[in-house]
Amino acid sequence: MYSSNEMDCVDKLYRGECKVAVYGAGYVGLGIAAVLLRKDLQLILVDVNEEKLSRIANGIVPHIEETVVNEIRRGLMKGLITVTSDGVKASRESCVKIVTVPIYLDWLLKNIDYSAFRSVLMSIAKGLKRGDLVIIESSVPPGTTIEIAKPILEEYSGLRVEHDFYLAYSPERVYVGRIVKDIEENYPKVVGGIGPLSLEIASKFYERICRRGVVRASNTTVAEFEKIAEGIYRDVNIALANQLALACMYLGIDYYEVMSIANTQPYCNLHQPGPGVGGFCIPIYPYFAVNKLLEKKYYLDLVVKARSINEAMPHVVVKLIEALYLRNISKPNEVKTAILGVAFRGDIDDSRLSPSHDIIALLKARGIENIVAHDPYVSGDDVLKRLNVELTNNIEYALRDSDLVIVTTRHSIYRKLGISKILEYSGKKPLIMDTVNVLIKDTDYDKFVVLGRGPVFGLNNNM
């Protein structure tokens, strides 16, 4: 059992006597790995994707952010990193194990899929040793650590938590693009232990990394639900912004002016509207809570309503386009459309659950086949391939001969793009729909529409 007067796995890790294993080489896993490497810790990176591991071993790191790429490459050069798909071996060779493998959601049925998460835990358990620390950083439905992780680890290891090994939950609280700074500087680390000993040793581990310190939750379920609550807060507030933005369009006023004035009041924090909410976090977390609470016979009606509003926003965007443009088009198959932005958020390369996918699919359903998508960061997208949509990093090419231009992502490059330049590249007079309010209006143009900004001619009669 842990005692502050004896050497534990954290001490051994920092003395170079054991390794830390990070399970999952995605955005979060690589970000955590980079932070640990900045402490010159010996690290094992575990993932089932052999091709991804091979690329990383050769220094080809996904461009999450420059610091992550540089630290992973430095770790490789110094011999600090081992990559493997053998989770059991990694567990045997490490004393601290950090789980970042996601819990998935069937987007159609909204069922939670624990299979990858369970598999990782079984691998860890088969290599688990006395004195080891297991930390779960994956975003999970509340109750997962005590109801799923603990039984699997104990059953497959033959060890008892709090007596033989330690188990804690610590949610990742990071944005892709600034992961290292978020972990090290921006936020305190939330830690919940399965018991007091686990809480103590997990807190000790993070206190050596996080300059803002550690916030100790009373148990793992509190720490789990705190993370879910953060995501729900943002989802609900984005839904409110979307509804108010549409209300402003009908009223013929500017939501961004309303937002700016309202937010001078310290208790008001109106968010920015947009074409929907993407990524593998905010759209997913509400369903983790909803599904879990349904087991308790409690229905999170506000959460569900907010989710429905945000999921409907791509339909709203396309209905606006129909009202303002497509109703006058007899041959939609001849319309050339440029979609500016595939990533779900500005200045990153992550396009998972991006609203642009839904907008493109809805346009295709209306007979618009000639669509080119532009993104300065995304170089490949499986959804676009299935939709048979060309993806380019060349904005001039994407806009050439366009009849319809839809901006869907707040990339910095678009903030420098004026209406006059779009017209120049297009060579036509396209309808320009800016769903994220980034374009520069450097010329008067009556076919330029911003989501949330009125008045819009003909809107009330066609929506």
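The values are calculated or read from the model by the stated rules, or taken from the named source; none is laboratory data. Bear in mind that the values here come from a model prediction, so they are computed numbers and not experimental data. All Cβ positions, even for glycine, are placed from backbone atoms using ideal geometry, and neighbour counts span all protein chains on display.
Residues in segment 290-320 that are small (Gly, Ala, Ser) and surrounded by fewer than 21 Cβ atoms within 10 Å (Cβ to Cβ): Ser308, Ala312. Scanning segment 396-416 for residues being touching a Phe, Trp or Tyr at 6+ places or on another chain (Cβ under 7 Å), assigned to a helix (DSSP H, G or I) and among the aliphatic types (A, V, I, L, M) gives a total of 1. The set of residues in segment 181-194 being surrounded by fewer than 23 Cβ atoms within 10 Å (Cβ to Cβ) and either of a type in the set (Gly, Ala, Ser) or not in a strand (DSSP E or B) (or both) consists of Lys181, Asp182, Glu184, Glu185, Asn186, Tyr187, Pro188.
Is one or more of the residues making up segment 208-220 of a type outside the set (Lys, Arg), assigned to a helix (DSSP H, G or I) and either touching a Gly at 6+ places or on another chain (Cβ under 7 Å) or surrounded by fewer than 17 Cβ atoms within 10 Å (Cβ to Cβ) (or both)? Before you say what the answer is, go through the steps one by one.
Keep residues of segment 208-220 that are of a type outside the set (Lys, Arg), which gives 209-210, 213-215, 217-220.
Keeping just the survivors that are assigned to a helix (DSSP H, G or I) gives 220.
Going one step further and asking which of them are either touching a Gly at 6+ places or on another chain (Cβ under 7 Å) or surrounded by fewer than 17 Cβ atoms within 10 Å (Cβ to Cβ) (or both), we end up with 220.
For segment 208-220, residues of a type outside the set (Lys, Arg), assigned to a helix (DSSP H, G or I) and either touching a Gly at 6+ places or on another chain (Cβ under 7 Å) or surrounded by fewer than 17 Cβ atoms within 10 Å (Cβ to Cβ) (or both): present.
When Ala241 is tested against (1) buried (at least 17 other Cβ atoms within 10 Å of the Cβ); (2) out of contact with any helix residue (DSSP H, G or I) (no Cβ under 7 Å at 6 or more places or on another chain); (3) part of a loop (DSSP other than H, G, I, E, B), only condition (3) is not met. Within segment 142-172, count every residue that is within 20 Å of Lys292 (Cβ to Cβ) and either touching a residue at least 60 places away in the same chain (Cβ under 8 Å) or surrounded by fewer than 17 Cβ atoms within 10 Å (Cβ to Cβ) (or both). Number satisfying all stated conditions: 8.
Within segment 380-394, identify whether any single residue is within 26 Å of Asp254 (Cβ to Cβ), among the acidic types (Asp, Glu) and either in a loop (DSSP other than H, G, I, E, B) or not assigned by TED's automatic domain parsing to the domain that holds Asp349 (or both), and answer yes or no. Break it down stepwise before answering.
Residues of segment 380-394 within 26 Å of Asp254 (Cβ to Cβ): none.
No, the conditions are met nowhere in segment 380-394.
The residue pairs whose first member lies in segment 422-444 and is not assigned by TED's automatic domain parsing to the domain that holds Leu246 and at pLDDT 95 or above, whose second member is buried (at least 23 other Cβ atoms within 10 Å of the Cβ) and in a loop (DSSP other than H, G, I, E, B), and whose beta carbons are closer than 6 Å, counting only pairs six or more residues apart or on different chains, do not exist in this structure.
Only helices (runs of 4 or more DSSP H) wholly contained in segment 23-100 count here; list those with 2 or more residues that are assigned by TED's automatic domain parsing to the domain that holds Asp182 and in contact with a Gly (Cβ under 9 Å, 6 or more places away or on another chain). Spell out the reasoning first.
On the way: elements: 27-37, 50-57, 66-77, 87-92.
Per the criteria, 27-37, 66-77, 87-92.
State yes or no: is Ser139 without any contact (Cβ under 8 Å) to a residue 60 or more places away in the chain, hydroxyl-bearing (Ser, Thr, Tyr), surrounded by 19 or more Cβ atoms within 10 Å (Cβ to Cβ) and within 25 Å of Ala229 (Cβ to Cβ)? It is false that Ser139 is without any contact (Cβ under 8 Å) to a residue 60 or more places away in the chain, hydroxyl-bearing (Ser, Thr, Tyr), surrounded by 19 or more Cβ atoms within 10 Å (Cβ to Cβ) and within 25 Å of Ala229 (Cβ to Cβ). Say we look at segment 46-67 and pick out the residues that are of a type in the set (A, V, I, L, M, F, W, C) and under 21 Å from Ile348 (Cβ atoms); which of these is modelled with the lowest pLDDT? Filtering first and then ranking leaves Ile64.
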